[in-house]
1. Please find, within region 131-143, the residue that is surrounded by the fewest Cβ atoms within 10 Å (Cβ to Cβ) out of those that are closer than 15 Å to ASP59 by Cα and charged (D, E, K, R).
2. With the requirement that a residue be within 18 Å of the chain's Cα centre (by Cα) and modelled with pLDDT under 90, what does region 42-62 give you?
3. Looking at SER68, SER76, which is the one that is of a type in the set (Gly, Ala, Ser), part of a strand (DSSP E or B) and out of contact with any Leu (no Cβ under 9 Å at 6 or more places or on another chain)?
4. Just name the residue that is farthest from THR144 (Cα to Cα) out of those in region 80-124 that are modelled with pLDDT under 90 and basic (Lys, Arg).
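The values are calculated or read from the model by the stated rules, or taken from the named source; none is laboratory data. This structure is a prediction, so every number in the text was calculated from the model and none was measured. Neighbour counts run over all protein chains shown; Cβ positions are idealised from the backbone, glycine included.
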Amino acid sequence: MACWSNSYVFAFLMSKRIQEMLSHFRRLSGLALTLAISGCGGEAMLPTVEIKAKVFVDDKEFGPATVSLSPPDAKSKTPNCGAMVSASGDTELNSYKGKKGIVPGRYSVQIGQDPLTMSQVPLVAPVTIEITDSTKTVEIRLKTEKNAKPGSIPVDKGVGAMATN
């Protein structure tokens, strides 16, 4: 009987250890993702505009999550941009690590799971936004794909975003 209880305790302790390891892995992967999406590019920095953004899904503030912006044209010199989105949907967009602001231009928008909370993210229709030199705030309005299957690629429905000066 003592042998059974010892193995049960060992299994319990191992499951706790595995949970701790997964927790550390989530934190490290979240940090890696944050660094990866917080701007990249080894070329000379282009001028940026400081932008505050708010993310909505189906007209409701959405977060926590990540938001990624990338130029629709693969040949563009405009760098990708990424940020963490708060629970209230607020975020600041930065093209370069350590420098506030985003390079003006057209961007395709995607949202992803917050690596720290592992929150669920719906499949949304693609959105393209335009950032100009005079843009100060942007509302990124996304619509869920009603009949999307996990792993499917949605078709552009023309959903947009509203930028204000």
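1. Once the filter is applied, the top-ranked residue is GLU139.
2. ILE51
3. From the options SER68, SER76, the qualifying one is SER68.
4. My answer is LYS99.
Per-residue answers, yes or no, for (1) farther than 16 Å from ALA53 by Cα; (2) crowded, with 20+ Cβ neighbours inside 10 Å; (3) without any contact (Cβ under 8 Å) to a residue 12 or more places away in the chain:
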| position | (1), (2), (3) |
| --- | --- |
| ALA87 | no, no, no |
| GLU92 | no, no, no |
| PRO104 | no, no, no |
| TYR107 | no, yes, no |
| ILE111 | no, yes, no |
| ASP114 | yes, yes, no |
| MET118 | yes, no, no |
| LEU123 | yes, no, no |
| ILE129 | no, yes, no |
